[in-house]
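Scroll down for the structure; my scribbles are underneath it.
Read-outs throughout are calculated quantities, based only on the coordinates presented, and are distinct from any laboratory measurement. Just so it is clear, the model here is predicted, and its values are computed rather than measured. All Cβ positions, even for glycine, are placed from backbone atoms using ideal geometry, and neighbour counts span all protein chains on display.
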Amino acid sequence: MKFLRLLLKNLLRNKRRSLLTVSSIAVSLFLVATLETVLTELNNPPETPDSALRLITRHKISLFNALPIAHRDKIAGIDGVEGVVGSMWFGGIYKEPSNFFANFAVNADGFFNVYPDLIISEEEKTAFLEDRTGALVGKSLTERFDWKLGDKIFLESNTWPVEVEVTIRGIYEGGSDLGTTLYLHWEYYQEVMAAAMGQWGFAGTFSVRAQSSEEVLRIAKEIDALFENSSFPTKTETEKAFLLSFVAMLGDIQFFITSIITVVIFTIILVAANTMAMSIRERVREIGVLKALGFKSTQVLAMLVGEAVLLALAGAMIGSLGARVIFSALPMAQLTSGFIQRFYVTPTTLLLCAGIGLLVGLVSAGVPAWTAARRPVVESLRRVA
Amino acid sequence: MNKPLIEINELGKVFHRDTVEIRALDGIDLSIHAGEFVCLMGPSGSGKSTLLNIIAGIDYATEGEAVVLDTDLSSLNEDGQATWRNQHVGFVFQHFNLIPVLTAFENVELPLLLTSLSRKERREHVETALRVVRLTDRMEHYPRQLSGGQEQRVAIARAIVTDPTFILADEPTGDLDAESAREVLEVLSTLNSEFGKTIIMVTHDPRAAEFASVTYHLDKGLLTKTVLNGSHS
Ligand SMILES: Nc1ncnc2c1ncn2[C@@H]1O[C@H](COP(=O)(O)OP(=O)(O)OP(=O)(O)O)[C@@H](O)[C@H]1O
Ligand SMILES: [Mg+2]
């Protein structure tokens, strides 16, 4: 501890240089923390006790193959199933394509049984259920578009050759999408689709709620077994696994992000190494003096490396804590049209950034500090400042 | 006569630079006793600094031996030499070599950081050392705020703060004007006469040599002449 003062004073020796180094490390680790959070969030979709009870059934071949709505009653007949709703991506565009948000046609009856985690008043629930052209919208959406109950919303589908006008009957909060979705009645959707295409009667997925978590896996197996030999075989997985399969669809994004992080770390090591090498080169003579006074090579080494570690750690903390503060203050769901629903820099990410700081400090100072600490005293003292 | 503090026998030092051999010291025999104020003189390149560095344990001989305080310095490893220097040697350099980011107080405190002294004890030692060089009023000043003579006196305080067995000074007045040089030499002289410190000083300056009790002359690595100063012998 008594050496800390010397260490700090050496750090402040060239304030501008130290500041620049800390800043560049901070900026880099802000980036690392951000990218790492993207990875974390992609791999950990928001989960509630209710979402753990939910299963998603889709076509065995792909999400883009639809299933007949008749599957709904068959699934509901399985033991331990609390409720089932069919759901179809509507792809409605509100005014302009840039206003993108998720909207689904769902079986309104039973919807609140399957999604009891949505927070909404009883009156609004009833109002939605009773209006075939009613819509249920998330609170974030109403904030984004300045919507209120009773507003009529015109949606033109970019997926189907149809358009609908719905009336906002309920506004919900919470849920695993954190209020970023619009739901309309599947029956209404079915009606406009049938008018446009003649025959219809499909859902993209079924959301199934189990009565208890012990039964979730059994139910998933039974559903898939039930349709195995039909012309519409299914694949059923937990809601979490289903959401993660979207991440898998994003392909090599994980590899891509990890590569960027690696390059960033490598770059800041070079930047920091340059600073440390300069700072040490200027002090060869002083290092000789310290050793002449009785400092051991290892003590000199520890001091020089300590400086670098302190600098890098300071930068890492500023960058990663900065990311945490900034992202928790920003309405990320709104800013990203619901693509990112939650953007939370986790303690694990902060720890990772601190670890990177430590690594950068150790590696950047390692070689020049070792060389300087090992140099014979007479040789160091001979150096002209 | 009692046992000498420093005993140098047949000491030689050869530097190798590329394929050239440079003989810096050749067959030096020398004994230095406790309480002496020794002056090493000689032309540039005669080996004065090399000899001083070997006695200080920051360089090593290639021939013969240097036994300092009953210790053959070549028998100590690097860390052992560092600890030994901290306990027994006080350095004064030509270019002062204070750490620019530390105050006078902190510079003097540096060697004490390596001891087990408490913060309070360190403060007492530093204040005493600064009092000896008459700079207690400059404790909080940084080296760039001091004159050359004051800087060198801070360096002397740093050299004596651990109460070392001897003080080694390599041209301590080389960078100073006559007035500051005299002050520094008076401080060294006081340390020798009043505090009984053994001092070995390299100098080019004949007036500096007048403060010493004995002067050795080196030439091309050979010890050529010994002068005993009347006032001390
Ligand atoms: N590291 C080294 N490598 C090669 N030669 C060296 C080295 N150190 C000293 N020498 C040579 O050894 C000889 C003695 O050098 P030294 O520094 O001891 O002289 P000096 O008497 O202190 O001279 P000055 O009065 O100029 O300081 C010189 O010829 C010098 O060039
Ligand atoms: Mg010299």
Report, ordered by chain and residue number, the lysines lying within cross-link reach of A:Lys60, taken as a straight Cα distance under 19 Å and ignoring same-chain residues fewer than 8 apart.
A:Lys74, A:Lys221, A:Lys235, A:Lys240
DSSP H segments from chain A that extend 20 Å or more along their own axis, Cα-based, with Kyte-Doolittle mean of 0.0 or above:
A:15-43, A:253-281, A:297-329, A:347-374
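For A:Arg375, A:Arg58, what's the fewest-to-most ordering of other Cβ within 10 Å of each Cβ?
On the way: A:Arg375 18, A:Arg58 22.
Taking fewest neighbouring Cβ atoms as first place, the list is A:Arg375, A:Arg58.
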Ratio Rg/Rh, restricted to region A:136-188 and using Cα atoms, in which Rh is the Kirkwood radius:
0.97
Report ³J(HN,Hα) in whole Hz for each residue of region B:170-175, in order, from the Karplus equation J = 6.51 cos²θ - 1.76 cosθ + 1.60 where θ = phi - 60°; Gly and Pro get x.
9, 6, x, 10, x, 9
Run down the aspartates and glutamates and flag those whose C-alpha is under 20 Å from the C-alpha of B:Lys3, throwing out any fewer than 8 positions away in its chain.
B:Asp29, B:Glu36, B:Glu65, B:Asp70, B:Asp72
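Length gain on complete extension for the stretch A:Leu12 to A:Ala194, per 0.36 nm per residue less the alpha carbon to alpha carbon distance?
On the way: separation 182, 0.36 × 182 = 65.52 nm, distance 7.47 nm.
Extra length from A:Leu12 to A:Ala194 when fully extended: 58.0 nm.
What ranking, highest mean first, results for peptides B:215-226, B:167-178 when packing means the other Cβ atoms within 10 Å averaged over each residue? Walk me through the numbers on the way to the answer.
Numbers: B:215-226: 17.1, B:167-178: 20.8.
Order by mean packing, descending: B:167-178, B:215-226.
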In order over region A:106-114: 3J(HN,Hα) from phi, Karplus 6.51/-1.76/1.60, θ = phi - 60°, whole Hz, x for each Gly or Pro, gives 10, 5, 5, 5, x, 4, 6, 6, 7
As I understand it, the dipole of chain B uses +1 on the Cβ of Lys and Arg and -1 on the Cβ of Asp and Glu, about the Cα centre. Which of B:Ile54, B:Leu168, B:Leu146 lies farthest toward its positive end?
B:Leu146
Please list, in order along region B:11-21, the HN-Hα scalar couplings obtained from phi with the Karplus expression 6.51 cos²θ - 1.76 cosθ + 1.60 (θ = phi - 60°), rounded to whole Hz, x for Gly and Pro.
6, x, 9, 10, 9, 10, 10, 6, 9, 8, 9
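Just rank A:Leu42, A:Leu293, fewest to most, by other beta-carbon atoms within 10 angstrom.
Details: A:Leu42 18, A:Leu293 24.
By the 10 Å Cβ count, ascending, the order reads A:Leu42, A:Leu293.
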Using a Förster distance of 41 Å, the FRET efficiency for B:Thr165-A:Arg281 (Cβ separation, nearest 0.05):
0.75
Let me know the Rg and Dmax you get for region B:86-185 when you use only its Cα atoms, in Å.
12.5, 39
What lysines sit close enough to A:Lys148 to cross-link, taking a C-alpha to C-alpha distance under 19 Å and skipping anything fewer than 8 places away on the same chain?
A:Lys95, A:Lys125, A:Lys139
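Quick one: of the DSSP bridges fully inside region A:66-231, what percent are antiparallel, nearest 5? Walk me through the intermediate numbers first.
On the way: 23 of 33 bridges.
Once the DSSP bridges in region A:66-231 are tallied, antiparallel ones form about 70 percent.
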Region B:48-64 scanned against label point 7 Å out from B:Lys225 along Cα→C-beta; backbone N under 17 Å for B:48
Place +1 on the Cβ of every Lys and Arg and -1 on the Cβ of every Asp and Glu in region A:66-231, take the dipole about the Cα centre, and give the residue among A:Gly86, A:Thr126, A:Ser231 whose Cα lies farthest towards its positive end.
A:Ser231
What are the residues whose amide H is under 5 Å from the amide H of B:Leu25, where those residues sit 5 or more places off or on another chain and H is modelled from the backbone?
B:Lys13
Can you quote the Å³ per residue value for the convex hull of the Cα atoms in region A:271-379, rounded to an integer?
103
Mean projection of the alpha-carbon convex hull of region A:66-231 over all orientations, in nm²?
9.9
Consider just the alpha-carbon atoms of region B:1-115 and return their Rg together with their Dmax, both in angstrom.
15.9, 46
A:Thr167 and A:Glu222 label points (each 7 Å along its Cα→Cβ direction) are spaced in nm at 4.0
If you bin every alpha carbon distance in the protein assembly as shown into 20 Å steps from zero, what whole percent lands in each bin?
16, 31, 17, 15, 16, 5, 0
Let's see if you can work this out: charge +1 on each Lys and Arg Cβ, -1 on each Asp and Glu Cβ, no other charges. What is the dipole magnitude of the protein assembly as shown about its Cα centre, in debye to the nearest 20?
1440
Dipole magnitude (debye, nearest 20) for region A:120-274, charges at Cβ of Lys, Arg, Asp, Glu:
380
Between the modelled labels at B:Glu10 and A:Ala329 (7 Å from Cα along Cα→Cβ) the distance in nm is 7.8
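Provide the FRET efficiency to the nearest 0.05 for the A:Val247-A:Thr346 pair, computing r from the beta carbons and using R0 = 22 Å. Mind dumping the intermediate values first?
Details: r = 17 Å, r/R0 = 0.76.
Once the sixth-power term is evaluated, E becomes 0.85.
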